[in-house]
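The values are calculated or read from the model by the stated rules, or taken from the named source; none is laboratory data. Owing to the predicted nature of the structure, the values given are computational and were not obtained by experimental measurement. As a convention, Cβ positions derive from the backbone with ideal geometry for all residues, glycine included, and neighbour counts pool all protein chains shown.
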Amino acid sequence: MDPLPIARRDYHINQPAIHILLSRVYLYMERWEDCIKEADKVFQQGGVITDMTGYTTGYWITYTNPEVEWMFGGNPQANQSTYIPSADFRGTFDPQDVRLNYGFSILPQTFTPLVTKYTQSDELSQGIRSSEALLNRAEAYVQVDELEKAMADLNQLRSHRIVGYSNESISEKNTLLQAVRDERRKEFCYEGFRWFDLRRYGMPSISHRYQHQLGEAVLHYVLKAKDPMYVLPFPNSLILRNTELEQNPSANIPERIGE
């Protein structure tokens, strides 16, 4: 694979994208050294971190962003403006973080924040990009006690996302690990990472407030720590095709709604 010429922005998966995905797999498997090696290959093959502090375009997960190695999947987000980000989550962003401008917008009539990270057109909107390799590597560095290297990766990403950012220094391992994970949540919000990350973080208790329709009651849903619903049930079609599969306990749990 690697000796072949590297093509970019031609709508085909390329070598750097494959190495990004491998770094993700090894991170999930807790094979830290392998994760670092795969992430290194991304940058050895020309992967870059885009300086978004001077960005002037709207949607940034596109092939116009040099950081994006591969776009895939037609995933138009119809009616995405019905989703409102939590105030707590938006509050984790630095006020000078440009991701606030390219992932959220404010409804002028009511000043309600909305999720607007993805285009609502039929264009490809899911992407594999170099920032994932950087944060995968940063987390792996923490786990192998290479804290200075982890901090360097974290500072690099932040300096390309936050206007006027000054490098920080975190020398305590658990504090740095949490900082990397918090940055990961901000960088990849609404891209399908969080569920898998929470599972590998030990399946902590999480809670959400939601509303089915305007005018209805706001409900509060709690997923308890180590909850069986952290593991989704197999579809019945798979059980019928493969009788050796053992169904997950979540299949026997009644439908839950918030209170």
**Asked** Restricting to segment 38-49, what's the tally of residues that are touching a helix residue (DSSP H, G or I) at 6+ places or on another chain (Cβ under 8 Å) and surrounded by fewer than 20 Cβ atoms within 10 Å (Cβ to Cβ)?
**Response** 7
**Request:** Would you check which residues across segment 194-229 are within 20 Å of Phe89 (Cβ to Cβ), in a helix (DSSP H, G or I) and not acidic (Asp, Glu) and list them?
**Result:** Arg194, Trp195, Phe196, Leu198, Arg199, Arg200
**Request:** Tell me, please, whether a residue that is farther than 23 Å from Asp40 by Cα and within 14 Å of the chain's Cα centre (by Cα) can be found in segment 100-117.
**Result:** yes
**Item:** Selection status of Ala138, under 26 Å from Val98 (Cβ atoms), in contact with a helix residue (DSSP H, G or I) (Cβ under 6 Å, 6 or more places away or on another chain) and surrounded by 17 or more Cβ atoms within 10 Å (Cβ to Cβ)
**Value:** yes
**Request:** State yes or no: is Arg184 over 25 Å from Asp97 (Cβ atoms) and under 14 Å from the mean Cα position of the chain (by Cα)?
**Result:** no
**Message:** One residue is enough: does segment 233-246 have a residue meeting the conditions part of a strand (DSSP E or B) and among the basic types (Lys, Arg)?
**Reply:** no
**Prompt:** Which one of Ser81, Ser105, Ser86 is assigned by TED's automatic domain parsing to the domain that holds Arg129, at pLDDT 85 or above and over 17 Å from Arg129 (Cβ atoms)?
**Reply:** Ser86
**Request:** Identify the single condition in (1) of a type outside the set (A, V, I, L, M); (2) outside any strand (DSSP E or B); (3) within 21 Å of Asp10 (Cα to Cα); (4) at pLDDT 90 or above that Trp70 does not satisfy, given that it satisfies every other one.
**Result:** (2)
**Asked** Which one is nearest to the chain's Cα centre (by Cα), of the residues in segment 208-224 that are hydrophobic (A, V, I, L, M, F, W, C), surrounded by 11 or more Cβ atoms within 10 Å (Cβ to Cβ) and more than 11 Å from Ile257 (Cβ to Cβ)?
**Response** Leu223
**Request:** Answer yes or no as to whether Ser130 is in contact with a strand residue (DSSP E or B) (Cβ under 8 Å, 6 or more places away or on another chain), hydroxyl-bearing (Ser, Thr, Tyr) and modelled with pLDDT of 85 or more.
**Result:** yes
